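Accompanying notes for the structure given below.
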Ligand code: SF4
Ligand code: SF4
């Protein structure tokens, strides 16, 4: 047994987190920053955080993640990191020549209380920031919230640092995609294009974190939202933010700063969340949903109705980030599957309420917990008490899946041991098909592996 | 590899690399880049601060402490005291394998953290830490609990050591100790190694005087069992009749550490991360140490023979020779098959604190040349040899890392060999307490670069077009995008083992795959290839 010390009996813990279902803010900020074209993420703190965040993103994407660190030493920790950051800014513009440096803080610089905007303006005063180049920033203390908040804070940092207020209103719609994979960003753009809508989306990590092999390392790959587009988002007609935790902050700031009205809807995972996204697009643009998308929807419905027997009543445990788990839970219950245990390390009161609303509508009572001590150790214990047929979550779930022999679908961050998430979306109707294919695949593989020879099926 | 007639002189390349930097940066980096002149004593700048903003390979002291030295020991509950990230990222990401058997304790698949929140930062986290220790104890009743301080902990002034003492006393049957390995200490992972060595030496080594049975008892230091390397070395030792008391730290247990002072010889693999432990064990218990290297089949054989010479026992020597004779045919056979395809190819190695040196052995066995190499977090002695130690300046960043004052143990000190024997053995070529460093082995006009930056590696690759580049996960995909295969020498790209005889065979096969695959040739689309395929197509 890999997790041989996990007892079945649940004892409440107050202080010790075991096998977390979240990580820290800066990694989200770094990921978001990679979604701006020619942006250099910078970690203001000691080297370790930056090394860890780059490694985590690199393992997840199998792509280069170029980022800098202020390389604090004991001295900078005592006297503050101002001189480190100012020289880092100078070095970065000289050596790597980005359009934007996106600075995020770490626990260390937050605890010291370094004032990033003040340091950034000092760098400007000292002529360390070339004309037309930008520094944006986000405060990302990891002792508050989780990686999801780090992402949200950096997207808000883009609005704060780049979006320009304007009297003019264009017909353009802003889309804040939330923390989704490059494949999903691509899919969200495809859906919006299919609606014939002119839009600005940021961040956009497609063509950055899924860059092609060309034999040349392009330091700033061709993807990422151009700075100009983010600047222009201040004149857009409307903003649609996907995922309340990931996108509300930025959408709200864009409203305050540039008077762009907004609505927030779920990340389009599954049938109904995709429906809502398309309707939000339709409402904001006045354009109808085209037949091609209705057809895509129909194809998903076709798979579900055809394969319903394999889905009906299947018990599921899932863990990950609130903005994904909410629509995912809804999708599972739509297919008559039964989420039994749901865990997210990311705090926030709304999560439990939303998930329970979805579950209660189907008469399901489940174990749902998020925030402090809501971790994978607890999830595993719940599973030991009430076994499930399917586990959905990031790579760390494979230890539970193997010990308990549970079919396992990888979803979320990080996925360290499979490819696919960067290339095949799980959002939109296409994404729903992929999820279905994966879920059905693991069920059927298990059946093929474990059914008695007499009951071995050719056709399924 | 690029046609060597078109490569500018190394000094020129160095100049070109530096010219891209701001003046201050260029000045600093210049001292970390050495163009090798064989036979001369060259100085390299190492173990100094990384330039802020530069893309570095380095991590932090916490990573060096928790991740490297303590991580591979399976029966300790390692609690990270800090916000969630540090613990999360060091959770299972280093591939240290371990074999606890069907029901031995193994906490390595778990991540334990106090997940500090803002109220803990404001009001202090000691209370939460105590509670966390209690909860870990109630759940697992482990033999030992270790506490690792992350950056904010040092700043807010939590005293993890007094918490450790208090809880150890309170709980009674569990060894509890802390590591002040805040990430800002020192300039890299290296500080964390030192801190880990100190605390393990203070709190664990020497707690059990029962010597393991066996005539030739050794410890293996600085072997972390990535990809099963330690398993392979264990296999060889067993065949040779060498008793392994403890490995610091791979496939290791608290019990083994506790009695490690009973061994008669310490064998050092990774000098950088563990030489402190060897020094302290020598001073306190009288165990001599020698540098070994089990990376490379020849190097393995040589290291085994050193052990034989040390124990000077005919039976052992015969057995070791027999093992080598038994293992070598497969090595030779594989090499005969592969060497014609690898001969003359070139490699660059930028990694860690010892592997950039050790792996040159394997490459040279394959007839491959190392054209550039450097460490991520080593010190000058790892480059220039321990002979420079008296001249190494201790700067402000290193001065704060505690040097334990160690004295001979009044009862348990026992010189394993006397001075005469030592002199005789060193005449026979066994260097005690010595390491000659990487540079000595490197050919003329090769590059030695400490703490290489992304910019520097990119320029080196552009110029030399090596057949393979060895580094870590952060470098892997950028280098491969340049069309050069990258072998990870931290994680082995999830392969291995590469130590010992079987490891060498694995490595030959792996490198042959990497440097000889034709897949890279397929990268360019046919219509992008010159001359004008598109025109041809259009004409059809
Ligand atoms: S939790 Fe804080 S200190 Fe730890 S890696 Fe994240 S930002 Fe760095
Ligand atoms: S530098 Fe500090 S905060 Fe960052 S990972 Fe290391 S210990 Fe944690």
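What follows draws every value from the coordinates through simple rules; no lab data is involved. Note that the structure is a prediction, hence the values are computed from the model and not measured. All Cβ positions, even for glycine, are placed from backbone atoms using ideal geometry, and neighbour counts span all protein chains on display.
Quick notes on this one:
- Crossing angle, helix A:182-194 versus chain A [Cα axis fit, 0-90 degrees, rounded to tens]: 90
- Neighbour-count order for B:363, B:294, B:432, fewest beta carbons within 10 angstrom listed first: B:432, B:363, B:294
- Short-range pairs are left out: with C-alpha atoms under 8 Å and at least six residues apart, the relative contact order of chain B is 19 percent.
- What separates the Cα centres of segment A:45-60 and segment B:200-224 is a distance of 34 Å.
- As computed over segment B:42-121, the Cα convex hull volume per residue (Å³): 142
- Available extension along the chain between residue A:168 and residue A:310 is 45.8 nm, counting 0.36 nm per residue and deducting the alpha carbon span.
- Contact order, relative form, for chain A: 18 percent (alpha carbon pairs under 8 Å, 6 or more residues apart, mean separation divided by residue count).
- Förster-model FRET efficiency, 56 Å R0, residue B:364 and residue A:449, C-beta, rounded to 0.05: 0.75
- C-alpha center-to-center spacing [segment B:91-112, segment A:236-254] in angstrom: 42
- Label zone at residue A:287 (point 7 Å along Cα-to-Cβ), backbone N below 12 Å, segment A:262-281: A:281
- Estimated from the Cβ-Cβ distance and a Förster radius of 25 angstrom, the FRET efficiency linking residue B:389 and residue B:343 is about 0.10.
- In terms of packing, defined here as the mean over residues of other Cβ atoms within 10 angstrom, the peptides A:257-268, B:463-474, A:281-292 line up highest first as B:463-474, A:257-268, A:281-292.
- Going from the fewest other Cβ atoms within 10 Å to the most, the residues A:171, B:306 appear in the order A:171, B:306.
- Within 10 Å of each Cβ in B:99-112, the average number of Cβ atoms from other chains: 4
- Shape call, segment A:295-453: gyration tensor on alpha carbons, a/c limit 1.5: rounded
- Relative to the longest principal axis of the Cα atoms of chain A, helix A:376-385 runs at roughly 10 degrees.
- Segment A:295-453, relative contact order in percent, only Cα pairs under 8 angstrom and at least six apart counted: 22
- Cα shape, segment B:313-437, gyration tensor, a/c 1.5 rule: oblate
- Virtual paramagnetic centre 7 Å along Cα→Cβ of residue B:16, amide N under 17 Å, in segment A:96-121: none
- Residue exposure sequence - A:87, B:273 - by fewest surrounding Cβ within 10 Å: A:87, B:273
- Distance from the Cα centroid of segment B:370-407 to that of segment A:206-235 is 42 Å (rounded to whole angstrom).
- Paramagnetic reach from residue A:361 (point 7 Å along Cα→Cβ, amide N under 20 Å) across segment A:388-427: A:427
- Shielding by partners for peptide A:4-11, expressed as the average number of C-beta atoms from other protein chains within 10 Å of each residue's C-beta, is 4.
- Sorted from longest to shortest, the spans of the Cα atoms of segment B:61-184 along the three principal axes equal 44, 31, 19 Å.
- Taking a ≥ b ≥ c as the square roots of the eigenvalues of the Cα gyration tensor, an a/c ratio of 1.5 or more together with a/b no larger than b/c marks segment A:29-74 as oblate.
- Computed from Cα positions, the angle between helix A:82-96 and the longest principal axis of chain A comes to roughly 80 degrees.
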